[in-house]
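Written below as structure tokens is the structure these notes are about.
The values are calculated or read from the model by the stated rules, or taken from the named source; none is laboratory data. What you see is a predicted model, and the numbers here were worked out from it, not measured in a lab. So basically every Cβ, Gly included, is an ideal-geometry build from the backbone, and we count neighbours across all protein chains shown.
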Amino acid sequence: MLDRREFVGKLLLDRKNLLVIAGLGSPTYDVAACGDHPLNFYLWGAMGSAAMIGLGLALAQPAHRVLVLTGDGEALMGLGSLATIGVKQPGNLVIVVLDNQRYGETGMQPSHTRAGIDLVAVAKACKFADGIHVSEIGAVNRIRDLVHNGAGPILVQARISSDAAPRVLPIRDGHAIKLRFMEALSDL
């Protein structure tokens, strides 16, 4: 199993102009723990929408790489998103699901991935170009290469420990996050 902070930290190392959508809860805390960045788009109160926001951004900005970091609970909530992404085929989109097999924001109840639901298989059935299971930190360089160079859409199901990490809260003003992100994007 992966340590979530170590994995996300290595994934975002030397990120260049990577556009990062951070899903609700722990994925946002993980991205913020790596250092705030104007090209981080943190979601607050938008569970289930990270993949679709990533899709919209990938379609609107085809010259830029888009990484969605989300949890298994949010990915399960938005399974229909995977079908839409598969139909649209954004070559610049990678979704990394941080899978602790728990619904972390509602009390750590077991999620459906704990019962064997395979998000990589679902993504492949939805015509994703690639899907990968990861549970060892040694695979992070391969995943980084896919994030920066892979032909998407790609889904990575990263099996992480369910150990809680300290919350690192970025700005919480959704309007300010949007304006900052748009300004940084216009400077690229």
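Within the group LEU76, LEU57, which residue is within 25 Å of ARG5 (Cβ to Cβ), of a type in the set (A, V, I, L, M, F, W, C) and at pLDDT below 90?
LEU76 is the lone residue from the list that is within 25 Å of ARG5 (Cβ to Cβ), of a type in the set (A, V, I, L, M, F, W, C) and at pLDDT below 90.
If you go through segment 35-54 one residue at a time, how many are under 24 Å from ASP3 (Cβ atoms) and more than 14 Å from the chain's Cα centre (by Cα)?
Matching residues across segment 35-54 total 3.
Taking into account only those residues within segment 110-140 that are charged (D, E, K, R), assigned to a loop (DSSP other than H, G, I, E, B) and at pLDDT 90 or above, which is farthest from GLY152 (Cα to Cα)?
The qualifying residue farthest from GLY152 (Cα to Cα) is GLU136.
Quickly run through segment 41-56 and pick out the residues that are touching a Lys or Arg at 6+ places or on another chain (Cβ under 9 Å) and on the phi > 0 side of the Ramachandran plot.
Initially, segment 41-56 is screened for residues touching a Lys or Arg at 6+ places or on another chain (Cβ under 9 Å), giving 41-42, 44, 55.
Within segment 41-56, no residue meets the criteria.
For ILE160, only one of the following conditions fails: (1) crowded, with 21+ Cβ neighbours inside 10 Å; (2) without any contact (Cβ under 8 Å) to a residue 24 or more places away in the chain. What is its number?
Result: ILE160 fails condition (2) only.
Among GLY138, GLY80, GLY152, GLY91, which is within 25 Å of ALA33 (Cβ to Cβ) and among the small types (Gly, Ala, Ser)?
GLY138
Restricting to segment 1-21, name every residue that is assigned to a loop (DSSP other than H, G, I, E, B) and more than 25 Å from GLY91 (Cβ to Cβ).
MET1, ASP3 - these are the residues of segment 1-21 that are assigned to a loop (DSSP other than H, G, I, E, B) and more than 25 Å from GLY91 (Cβ to Cβ).
Could you please find all residues in segment 174-188 being in a helix (DSSP H, G or I) and either surrounded by fewer than 16 Cβ atoms within 10 Å (Cβ to Cβ) or without any contact (Cβ under 8 Å) to a residue 24 or more places away in the chain (or both)?
Across segment 174-188, the qualifying residues are GLY174, HIS175, ALA176, LYS178, LEU179, MET182, GLU183, SER186.
(1) at negative phi; (2) in contact (Cβ under 8 Å) with a residue 40 or more places away in the chain; (3) out of contact with any strand residue (DSSP E or B) (no Cβ under 9 Å at 6 or more places or on another chain): which one isn't true of LYS16, the others all being true?
Exception for LYS16: condition (1).
Looking only at segment 37-71, count how many residues are under 30 Å from ALA115 (Cα atoms) and in contact with a helix residue (DSSP H, G or I) (Cβ under 7 Å, 6 or more places away or on another chain).
The qualifying residues number 15.
In segment 145-161, which residues are out of contact with any helix residue (DSSP H, G or I) (no Cβ under 8 Å at 6 or more places or on another chain) and either of a type in the set (Val, Ile, Thr) or not in a strand (DSSP E or B) (or both)? Give the steps one after another, and end with the answer.
Taking segment 145-161 first, the residues out of contact with any helix residue (DSSP H, G or I) (no Cβ under 8 Å at 6 or more places or on another chain) are 145-146, 148-151, 159.
Result: ASP145, LEU146, HIS148, ASN149, GLY150, ALA151.
If the requirement is being assigned to a helix (DSSP H, G or I) and either surrounded by fewer than 19 Cβ atoms within 10 Å (Cβ to Cβ) or within 14 Å of the chain's Cα centre (by Cα) (or both), which of these qualifies: LEU24, LEU67, LEU59, LEU98?
Numbers: LEU24 fails: assigned to a helix (DSSP H, G or I); LEU67 fails: assigned to a helix (DSSP H, G or I); LEU98 fails: assigned to a helix (DSSP H, G or I).
Residue meeting the stated conditions: LEU59.
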